[in-house]
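Okay, so here's the structure we're looking at.
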Amino acid sequence: MLGTALALWASPADAQTSAAAYFPTGNYGYDQDLGVTVLSRARPEYDQPGVQLGGFTVRPQLNQSIFDNTNVNGTGGSNSGSWGSETLGSVTGASDWSRNSLQASLGFDHYSYFAMPTEDYTNWNVGIGGGYTIAGGQLRANYAHSTYNQLGTEIGTAQSEAPSQNTTDTGDISYDFNLGRVTITPSVDFSAYRLGDITVNGVKTSQAAFNRNVVAAGIVTRYALSGGTGLLLVTRGTSTNYVNPVPGQLSNNSVSGMVLAGIEYQPEAVWRYSLLVGVETRVFSASQYGTFTAPVLSGQVVWTPKPVLTFAGNLTRTVEDADTSGNNGYVLNDLGLVGDYELMRNVLLEGRVDLQYASYLQGGTQTNETLGAGVTWLLNRRVRLSLDDDYTNQNSPGTTTLTTTGPDQLSGAYRQNLLMLTLHLAL
């Protein structure tokens, strides 16, 4: 088992506040579980055993990679690429209790670039969460802190000649009301995003103006039908507050409401799919930005034509917050396609495509296409080896509305190839 949700590295995107959070792909589980593909499927003879400590199972992991990145910061130039190494370690622990649950994680991720030693950086995170059964329902709470370095190569981020160190704190609490076929889950969550300095033409520039606190509350209602099918209704309200506004600049503060409705069809069948469709309305505190309304969705299709082959497709449309000057947010359309094939019981192949299209609320667009493939060799329950290659082509955002401080600093057009060989060790 490759970690838990608590061990995921955070990013500036407000995934918890978007439709994309409801149907993840690549979940660990058995053949017909939600979001499970051939690559993430449980294999008891090869799965990490863990260490038993009383009523807890502890799973230490260490991954050592060597890679060739042809364009580290996405800035171009003859000296933009480097060979390097990545060392990723984590320890996760989860209770084996039948009624309640408690889990925690601690991890680090160190990158070293042989030709660009000033670019070296280390990410780390810590998380804790659990559930307590009350009156037949689960009261769940989670908290996570992450310190991570942004390279400025992703859509919606600021271009930088050196990594920008950011921090994210997130917490949430929810409860399941089980009413027969109907399950009602209200939740409240909080996220604090703090962005570090970027480097432009050798000069560091503060990104503190995009530090923000996001508070959200919502209700997910599921009506269970026969055969693993359920009808879903999601309502959610969000308040975004930028805590370090620049004097004289328009505020990006906003409140938004989102309503989604759809179906979750997960029987033991060749086709499994989930779909939520709805609308989000965002009201900005700056009258010049006004009110923005857009359709949003989250959809997933998993096709298993034979037990050793799965194709998974994910399509999301979300409204994201601003992380750079010159805009007050953007609509992100993201289509991902993944094919997994079990060549042998212990040799797994994967091909993947991801297409992103961002439309900025103040004008301008940006696209990112990634094509990749990988092979994983399961040696035993403690050792596995993987080789991955991913090619990315990102187009320039074009012209967006200027501010009094100058043009936007969005990541620009670049091409990048990342070839990585990884040795995975686990206890």
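Within the stretch 161-236, considering only strands (runs of 3 or more DSSP E) that don't extend past its boundaries, which have at least 2 residues that are farther than 18 Å from residue 138 by Cα?
Details: elements: 164-175, 177-179, 182-194, 198-200, 203-205, 212-224.
Filter on the stretch 161-236 gives 164-175, 182-194, 198-200, 203-205, 212-224.
Number of residues in the stretch 279-317 that are farther than 30 Å from residue 42 by Cβ and open to solvent by less than 20 Å² (accessible area, probe 1.4 Å) equals 6. Only one of the numbered conditions (1) under 21 Å from the mean Cα position of the chain (by Cα); (2) open to solvent by less than 20 Å² (accessible area, probe 1.4 Å); (3) under 18 Å from residue 330 (Cα atoms) is not met by residue 239, and that is (2).
The rows are residues; the columns are (1) modelled with pLDDT under 90; (2) under 30 Å from residue 181 (Cβ atoms); (3) open to solvent by 40 Å² or more (accessible area, probe 1.4 Å); (4) not polar (S, T, N, Q).
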position: 59; (1), (2), (3), (4): no, no, yes, yes
position: 70; (1), (2), (3), (4): no, no, yes, no
position: 133; (1), (2), (3), (4): no, yes, no, no
position: 164; (1), (2), (3), (4): no, no, no, no
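The single condition from (1) touching a Ser or Thr at 6+ places or on another chain (Cβ under 6 Å); (2) without any contact (Cβ under 8 Å) to a residue 60 or more places away in the chain that residue 304 fails is (2).
Scanning the stretch 270-279 for residues that are in contact (Cβ under 8 Å) with a residue 40 or more places away in the chain and either farther than 15 Å from residue 303 by Cβ or not in a strand (DSSP E or B) (or both) turns up 276, 278.
Against the conditions (1) free of Cβ contacts under 8 Å to residues at least 24 places away in the same chain; (2) surrounded by 15 or more Cβ atoms within 10 Å (Cβ to Cβ), residue 226 satisfies every one except (2).
From 127, 84, grab the single residue that is open to solvent by less than 20 Å² (accessible area, probe 1.4 Å) and either part of a helix (DSSP H, G or I) or under 28 Å from residue 172 (Cβ atoms) (or both). Spell out the reasoning first.
Values: 84 fails: either part of a helix (DSSP H, G or I) or under 28 Å from residue 172 (Cβ atoms) (or both).
Within the list 127, 84, the selection yields 127.
Okay, residues lined up against (1) farther than 27 Å from residue 320 by Cα; (2) surrounded by 16 or more Cβ atoms within 10 Å (Cβ to Cβ); (3) over 25 Å from the mean Cα position of the chain (by Cα); (4) small (Gly, Ala, Ser):
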site: 118; (1), (2), (3), (4): yes, no, yes, no
site: 137; (1), (2), (3), (4): yes, yes, yes, yes
site: 140; (1), (2), (3), (4): no, yes, no, no
site: 174; (1), (2), (3), (4): no, yes, no, yes
site: 180; (1), (2), (3), (4): yes, no, yes, yes
site: 185; (1), (2), (3), (4): no, yes, no, no
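Looking across 171, 196, 218, 152, one residue alone is out of contact with any Leu (no Cβ under 7 Å at 6 or more places or on another chain), at positive phi and not basic (Lys, Arg). It is 152. Considering 215, 200, which residue is open to solvent by 50 Å² or more (accessible area, probe 1.4 Å), of a type in the set (A, V, I, L, M) and under 19 Å from the mean Cα position of the chain (by Cα)? Sole residue among the options that is open to solvent by 50 Å² or more (accessible area, probe 1.4 Å), of a type in the set (A, V, I, L, M) and under 19 Å from the mean Cα position of the chain (by Cα): 215.
Here residue 102 qualifies as farther than 23 Å from residue 413 by Cα, open to solvent by 50 Å² or more (accessible area, probe 1.4 Å) and in contact with a Ser or Thr (Cβ under 9 Å, 6 or more places away or on another chain).
When the residues of the stretch 334-366 are narrowed to those that are in contact with a Pro (Cβ under 9 Å, 6 or more places away or on another chain) and surrounded by fewer than 19 Cβ atoms within 10 Å (Cβ to Cβ), which ends up farthest from residue 324 (Cα to Cα)?
Step by step, filter the stretch 334-366, then rank; the result is 342.
Do you know which residues across the stretch 373-415 are charged (D, E, K, R), over 13 Å from residue 327 (Cα atoms) and either modelled with pLDDT under 60 or in a loop (DSSP other than H, G, I, E, B) (or both)? Steps first, answer last, please.
Initial filter on the stretch 373-415 (charged (D, E, K, R)): 381-382, 384, 388-390, 408, 415.
Then keep just the ones that are over 13 Å from residue 327 (Cα atoms); that gives 381-382, 384, 388-390, 415.
The answer is 381, 382.
When residue 144 is tested against (1) open to solvent by 70 Å² or more (accessible area, probe 1.4 Å); (2) within 20 Å of the chain's Cα centre (by Cα), only condition (1) is not met. Looking across the stretch 247-268 at every residue that is in contact (Cβ under 8 Å) with a residue 60 or more places away in the chain and surrounded by fewer than 16 Cβ atoms within 10 Å (Cβ to Cβ), the one that is farthest from residue 30 (Cα to Cα) is identified as 248.
The values are calculated or read from the model by the stated rules, or taken from the named source; none is laboratory data. Quick caveat: nothing in here was measured; it's all calculated off a predicted structure. Cβ atoms come from the backbone with ideal geometry, glycine included; neighbour counts cover every protein chain shown. Ligands, DNA and RNA are excluded from the accessible area calculation, which covers all protein heavy atoms including side chains. Shrake-Rupley method; radii C 1.70, N 1.55, O 1.52, S 1.80 Å.
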